Amino acid sequence: MGISRFVLLVFTISMLASPALSDLVLSKVDRRIYLTSHIVRISSTLEVENAGPETVSKVLLAFPDLQAQNLAYLMASPHEAKAKVKVSVVSFPIAVVKPEDMPPGVTFYSVSLPQGLTVGASFTFDVLAVFTHALRPMPEQIGQADIQLVLYQDSAYYLSPYVVKVQSLSLKLPDSRIQSYTTLESTKVQGSEIKYGPYENLPAFSSSPITVHFENNLPFAIAQELVREIEISHWGNVLVTEHYKLIHGGAQSKGEFSRLEPQARENVQGPSAVRYLVAHLPPRAHSVYYRDAIGNISTSHLRGDSKKTELLIEPRYPMFGGWRTAFTIGYGLPLQDCLYESEGRRFLNITFSSPMIELVFDTLIVKVVLPEGSSDIAVAAPFFMKQWQETKISHLDIVGRPVVVLEKTNLVPEHNQYFQVYYKFNRLSMLREPLMLISGIFFFFLACIVYMHADTSISKFSASYLAKQQWEEVRVAIRQVHNIICRCLATHDKLEASLRDLSRTGEVQACKAARKSTDGLLKELSKELKPLMTFLQSSPSAVQVLSKVEELVAKERELLEKLMAKHSTAVEAYEKKSGARDIENRIALQQQKITALRQEVDDLLEFIDEI
């Protein structure tokens, strides 16, 4: 279908061709079509002669509409001694025009010459036209191990609104494996090059369709969308982040995929698959990373020299026709390599497109994030593109950072030219973020100091606060009662120790002295205990625990009475010279009651201790 449409278009142009547009004559046309990748480049050298009576300053270029739809880049420049396919620094202005009385199906471009072409004068210049999606896979589906064949259509004659005296055409292919090609008069094949012509004295709009069917196993890598974000920091760094959505635009893969075969026979299986991509980064690029949706990818290699930094990356799997992948590349650049100052304004000078080699971009979006506070923003670009502004909120921003958004479709490596973004920026604005950090830290610590020294209670006279204070006083009193009882028990232990000494030594006077000392200590403890008990009995907050405290005091007193009775009985028996067995029998019952009471007192102490 594509072949018939192109042939029909060329035939229609030939039938409806009008006479020459003016007295301009193309004395010589030399065309070179480079089909060595999936990007088609046509380099033409045109020698224009003014055979009319008036000076001419513009020359028309003509392309069939079907071909013009895929035209990505068009440039006219002065002719060089050695013809090379490259972007010249000096180029002539080119504009789309619609001249009258022209055949349909043709798109015209007007080239403005550097100076008017006087009568009888001639001028030679080069035209570079770059086309995307101009190679059609044939067949459209291939297996994993099959080679990729593509079809290219054009005209052996140079399509022009002027008479052409002499012209020639050469097609340079990737290699000499050619399936078929159109044979015309003066057709030659030399290795991987097909030559047509020379042809002489051809009228305006002459055409002769040709078709070349050849092997092209180079990967057809196409970026359906690339979002390139360039963030400027006046603290010394320019951060570049590139988000790719890639597709293999070659012949569609059919059949099942086998990972074992490509690994075992890498040079045979999948000759047209995308196995790796190469990006030529600026020489001082740093902090380079490459990752996809899953995470970091280890199959990447970075090497550099004084001229460039080369990043070689491999997708997680070889990409066959129709397969897709998405990944992100990021790197940093020194600020002094990209940012300059002129006439009170700063400007960013950086390349527009991707550093990837031989990559076609269906849509490219470039976002330049300027520092907060930038104003008077302007863009200077070498070609037309859509542009608008957005705002990005980042860390430590107040009103947000201005973002210049540039969008262009159908791009090729020739578009990777420098563009400039001009803006004004007050140097004092650089102090905004450090001052915000310092102020934030200062106020944070100030708030901490105020909080630590402030009384955060609601009111000292509220019921909850008073109840809390009363309960704290009750807890202190109970703790003091607990300590006094413990001291009383320690005194009891001393009294028990005096009885043991009495049974061992028989010294009654020493035992009586120990009891007298114990009586004195217990009286003092009783005095200390009395005001505490009075406070607990009068405090409403102690109602729940008062009964246990009173029980503890009562048990301790009962224990003391039993212990005194035991002491008196033992001393009296020793004074009467009673036997040891008789003494033990007389105090045995008392000792049982003492032991039981001591256990009860210990249990109550443990309960109060938990409070």
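The values are calculated or read from the model by the stated rules, or taken from the named source; none is laboratory data. Predicted, not measured: the structure shown is a model, and the values here were computed from it. Positions of Cβ are generated from backbone atoms using ideal geometry, with glycine treated the same way; all protein chains shown enter the neighbour counts. Just so you know, the surface numbers come from the protein's heavy atoms only, side chains and all, with ligands and any DNA or RNA stripped out. Shrake-Rupley method; radii C 1.70, N 1.55, O 1.52, S 1.80 Å.
Remarks
- Nearest-ten-degree value, helix 543-575 long axis tilted from longest Cα axis of the chain: 40 degrees
- Pairs of lysine residues in region 365-464 that meet both criteria, 8 or more places apart or on different chains and Cα atoms under 23 Å apart, total 8.
- Filtered GluC sites (Glu not before Pro), region 58-155: DSSP coil and at most 10 other beta carbons within 10 Å: E100
- Element breakdown for the chain at a 1.4 angstrom probe: carbon and sulfur atoms account for 54% of the accessible area.
- Per residue value of the accessible surface for region 38-157 (all protein chains in place, 1.4 Å probe), Å²: 45 Å²
- Net charge, C338 excluded, C-beta distance under 13 Å - Lys, Arg +1, Asp, Glu -1: -1
- Straight Cα distances below 17 angstrom link K98 to the lysines K58, with same-chain residues fewer than 8 positions distant left out.
- With Cα atoms, 0 to 90° folded angle of helix 508-538 axis to the chain main axis: 50 degrees
- Solvent-accessible surface (1.4 angstrom probe) belonging to C448, in square angstrom, nearest 10: 50 Å²
- Two-decimal ratio, region 509-611, of alpha-carbon radius of gyration to 2.2 N^0.38 Å: 1.34
- Cα-based reach from K523 at 20 Å (exclusive), listing lysines while leaving out same-chain residues under 8 positions away: K494, K512, K555, K562, K566
- Compared with the dominant principal axis of the Cα atoms in the chain, helix 2-15 is inclined by about 40°.
- Proximal charge balance of L277 [Cβ under 10 Å; K/R count +1, D/E count -1]: -1
- Compactness of region 298-448 was expressed as the Cα radius of gyration divided by 2.2 N^0.38 Å, which yields 1.33.
- Taken one residue at a time, the phi angles of region 326-338 give Karplus couplings (6.51, -1.76, 1.60, θ = phi - 60°) of 9, 7, 10, 10, x, 6, x, 10, x, 4, 5, 7, 10 Hz. Gly and Pro are set to x.
- By a 1.4 Å probe calculation restricted to protein chains, T409 has an accessible surface near 80 Å², given to the nearest 10.
- Proximal aspartates and glutamates relative to K516, as straight alpha-carbon distance under 16 Å, when same-chain residues fewer than 8 apart are discounted: D493, E496, D501, E507, E524, E561, E572
- Solvent-accessible area per residue in region 389-504 equals 64 Å², computed with a 1.4 angstrom probe and all protein chains kept.
- Backbone amide hydrogens, once placed in the peptide plane, bring G52 within less than 5 Å of G120, excluding anything fewer than 5 places away on its chain.
- Residues in region 397-404 carry Karplus couplings, in order, of 8, 9, 9, x, 9, x, 10, 8 Hz; the curve used is 6.51 cos²θ - 1.76 cosθ + 1.60 with θ = phi - 60°, and Gly or Pro positions show x.
- The chain: calculated mean residue ellipticity at 222 nm from DSSP helix runs of at least 4, using -39500 (n - 2.57): -10500 deg cm²/dmol
- Within-14-Å neighbourhood charge of K555 [Cβ basis; K, R +1; D, E -1]: -4
- What you get for the chain, charging only the Cβ of Lys and Arg (+1) and of Asp and Glu (-1), is a dipole of about 1340 debye around the Cα centre.
- Converting phi to 3J(HN,Hα) with the Karplus coefficients 6.51, -1.76 and 1.60 and the offset θ = phi - 60°, region 494-502 yields 5, 5, 5, 5, 5, 5, 5, 5, 4 Hz in sequence order, with x at every glycine or proline.
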